[in-house]
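Following: one structure in structure tokens, then a few remarks.
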Amino acid sequence: MDNRDNPTDLNEVLESFESTLAGILDSLLHKLNRSKSPESLFHYTNDAGLHGILESGKLRLTNIFNLNDPSELSHGLSHAVAILNSETKNGPSEAKDFAEKFARFYNEGIKHSAYYFVCSFSMNEHDLGQWRAYADNGRGYALEFDANKLAGDFSSKEDGSDDQRFSTFPVIYTDDEIINVQQQFISQLIPLISLPFKSTCKGLPTQEYLMHLSGILSLYTLEAAMYFKHKAYSNEAEFRFQQLFSRNKPINDVKFRARSSELVAYREFDWRGAQPKTLKRIVIGPATDQRKAKAFVTECLTAYHGSNWGDVEISFSPIPYRAV
């Protein structure tokens, strides 16, 4: 029986709440997994990135809170805050107080809810915006990977524990779905806020219960937000590889790099170790010196890609573009 029908123990209420939100999120993931998988994924980068990926045989997954554009996260999360504020504005004082504190947590402390690391690819080979933004203003490269081999190898790294979850998915660029998911989360939450103020409930001090309730909500609203971006970015056709880790245990193999007076946390994925032929092609950017760029790519493949270097096709982007 669902303990929220006759709640008495707040610990059980929290367990049931988290289980319900997990079910809602699983339904979303099931829908995403039904979408047709792309044959290829493209990773846009500059010459240093190409060299590093080929030399190491690894791709970097960056901490989401170190992403270049924080608005990628705020877009999905802002819906949860707006819905919660709307649902509690005419409610009891404790509900309004909960919404205010959650909004502050969203702005200042949500990065403490879990560890997320992502590596972004594109399903679009010929996108001018990505040549500009991620590939040195058209002077860089796009690495084409076999999507099924790469995703399968990535998913095989998960150890099956409850403290981590690896997933691959296409990003969604419409708001209807994320609003629906966040609305479901909030609808499950609202009846639970006032429970500790009832004398029949036991198990946890009121503030501790509310803190855990907010923590569970933040974890799932944040994870749901990871699957969505504003429609203005739809040309990127982004496909993400994501690693989620619980805050309860330390994470192995986290590294750091410097960027603009900050340390950026990242983890590495050994894409070449199991299936070196995952790399299919390297596309040279539309603003490069084609002769020099092809020689550079060939030298990198010969030096770092072993006997498989000849299997990687080299081509040129057909986009008419001149770098500024």
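The values are calculated or read from the model by the stated rules, or taken from the named source; none is laboratory data. Model, not experiment: these values are computed from the prediction. Glycine also receives a Cβ, built like all others from the backbone with ideal geometry; neighbour counts cover every protein chain displayed.
Data overview
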{"read-out": "Residue in region 170-193 that is of a type in the set (D, E, K, R), closer than 25 Å to GLU100 by Cα, more than 24 Å from the chain's Cα centre (by Cα) and surrounded by fewer than 18 Cβ atoms within 10 Å (Cβ to Cβ) present", "value": "no"}
{"read-out": "Any hit, region 202-210, residues being closer than 15 Å to GLU12 by Cα, hydroxyl-bearing (Ser, Thr, Tyr) and outside any helix (DSSP H, G or I)", "value": "no"}
{"read-out": "Any hit, region 90-105, residues being of a type outside the set (D, E, K, R), at pLDDT 80 or above, under 22 Å from the mean Cα position of the chain (by Cα) and assigned to a helix (DSSP H, G or I)", "value": "yes"}
{"read-out": "Only listed residue being within 25 Å of TYR116 (Cβ to Cβ) and either in contact (Cβ under 8 Å) with a residue 12 or more places away in the chain or touching a Ser or Thr at 6+ places or on another chain (Cβ under 9 Å) (or both), chosen from LEU195, LEU213, LEU301, LEU263", "value": "LEU213"}
{"read-out": "Criterion (within 23 Å of VAL81 (Cβ to Cβ), out of contact with any Lys or Arg (no Cβ under 9 Å at 6 or more places or on another chain), of a type in the set (A, V, I, L, M) and modelled with pLDDT of 85 or more) met by exactly one of ILE172, ILE178", "value": "ILE178"}
{"read-out": "Some residue of region 266-277 being of a type in the set (Lys, Arg), over 17 Å from the mean Cα position of the chain (by Cα) and either assigned to a loop (DSSP other than H, G, I, E, B) or modelled with pLDDT under 95 (or both)", "value": "yes"}
{"read-out": "Qualifying residues in region 6-35 (those that are more than 19 Å from the chain's Cα centre (by Cα) and part of a loop (DSSP other than H, G, I, E, B)) - the one modelled with the lowest pLDDT", "value": "ASN6"}
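Residue-by-condition table, conditions (1) of a type in the set (S, T, N, Q); (2) touching a residue at least 24 places away in the same chain (Cβ under 8 Å); (3) in contact with a strand residue (DSSP E or B) (Cβ under 9 Å, 6 or more places away or on another chain):
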residue: PHE117; (1), (2), (3): no, yes, yes
residue: SER122; (1), (2), (3): yes, yes, yes
residue: LEU128; (1), (2), (3): no, yes, no
residue: ASN137; (1), (2), (3): yes, yes, no
residue: TYR141; (1), (2), (3): no, yes, yes
residue: LEU150; (1), (2), (3): no, yes, yes
residue: ASP153; (1), (2), (3): no, yes, yes
residue: SER161; (1), (2), (3): yes, no, no
